[in-house]
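The values are calculated or read from the model by the stated rules, or taken from the named source; none is laboratory data. Since we're looking at a predicted model, the values are computed, not measured. Reconstructed Cβ throughout: ideal geometry from the backbone, glycine too, with neighbour counts over all protein chains shown. In case anyone asks, the SASA skips ligands and DNA or RNA and just uses the protein heavy atoms, side chains included. Shrake-Rupley method; radii C 1.70, N 1.55, O 1.52, S 1.80 Å.
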Amino acid sequence: MTLHPDFPVVAGDCQLTEDWALTLPVEMNRRLEDQDLVFWRPGFTVWLSLWNNDHDASIEERLEWFQTDTSAEAFDAVVTADATLARYTYRLNEARDEDLVYALYGFVLKDAGHLQIAVYADDEGEVAAANLLVASVR
């Protein structure tokens, strides 16, 4: 696997902000695009957006809103929660040119805000790695 030589390479524990971190299981390139953080390697791209809870909505209210706003074509939706975080993920298969892109969308919510994640893979076998990445957010 060849990474782009003009961008930083990161792997393992990545501190995104003072309050958010995740674990990258393999080396990936990193860049900022607009206000989003992007990690990628050939065939696998992760977009991350951080949002504050500006309207002081509960985790449950925001989770319900995300679920209501989910595409009708979504499948494999999963909600998990513990004492401090809730996670909501779902899958979509999206057309790109003549190929399919296997997408996993996720939201990791806590009282102060949420991390929105979109993972795009060229190979459906990479969906397991996408789920592990979302599960690693803390």
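Any chance the stretch 82-101 includes a residue that's of a type in the set (Phe, Trp, Tyr) and either free of Cβ contacts under 8 Å to residues at least 12 places away in the same chain or under 22 Å from residue 41 (Cβ atoms) (or both)?
If we filter the stretch 82-101 for residues that are of a type in the set (Phe, Trp, Tyr), which is where we start, we get 88, 90.
Now drop any that are not either free of Cβ contacts under 8 Å to residues at least 12 places away in the same chain or under 22 Å from residue 41 (Cβ atoms) (or both), which leaves none.
There is no residue in the stretch 82-101 that is of a type in the set (Phe, Trp, Tyr) and either free of Cβ contacts under 8 Å to residues at least 12 places away in the same chain or under 22 Å from residue 41 (Cβ atoms) (or both).
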Problem set entry | Number of the exception - residue 117 against (1) more than 22 Å from residue 7 (Cβ to Cβ); (2) in contact with a Ser or Thr (Cβ under 9 Å, 6 or more places away or on another chain) | (1)
For this session: Determine whether the stretch 106-121 contains at least one residue that is in a helix (DSSP H, G or I), small (Gly, Ala, Ser) and surrounded by 14 or more Cβ atoms within 10 Å (Cβ to Cβ).
Result: no
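For every residue, the table says whether it meets (1) charged (D, E, K, R); (2) out of contact with any Ser or Thr (no Cβ under 9 Å at 6 or more places or on another chain); (3) closer than 19 Å to residue 103 by Cβ.
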{"site": "25", "(1), (2), (3)": "no, no, yes"}
{"site": "30", "(1), (2), (3)": "yes, yes, no"}
{"site": "40", "(1), (2), (3)": "no, yes, yes"}
{"site": "47", "(1), (2), (3)": "no, yes, yes"}
{"site": "63", "(1), (2), (3)": "no, yes, no"}
{"site": "69", "(1), (2), (3)": "yes, yes, yes"}
{"site": "78", "(1), (2), (3)": "no, no, yes"}
{"site": "82", "(1), (2), (3)": "yes, yes, no"}
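Table: residues versus (1) modelled with pLDDT under 95; (2) part of a strand (DSSP E or B).
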| site | (1), (2) |
| --- | --- |
| 2 | yes, no |
| 18 | yes, no |
| 47 | no, yes |
| 57 | no, no |
| 70 | no, no |
| 89 | no, yes |
| 93 | yes, yes |
For this session: Have a look at 101, 78, 46 and point out the one that is touching a strand residue (DSSP E or B) at 6+ places or on another chain (Cβ under 6 Å) and within 22 Å of residue 14 (Cα to Cα).
Result: 46
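Any chance the stretch 47-55 includes a residue that's of a type in the set (Ser, Thr, Tyr) and open to solvent by 40 Å² or more (accessible area, probe 1.4 Å)? Lay out the reasoning, then the answer.
Initial filter on the stretch 47-55 (of a type in the set (Ser, Thr, Tyr)): 49.
If we keep only those that are open to solvent by 40 Å² or more (accessible area, probe 1.4 Å) as well, we get none.
Checked against the condition, which is being of a type in the set (Ser, Thr, Tyr) and open to solvent by 40 Å² or more (accessible area, probe 1.4 Å), the stretch 47-55 yields no hits at all.
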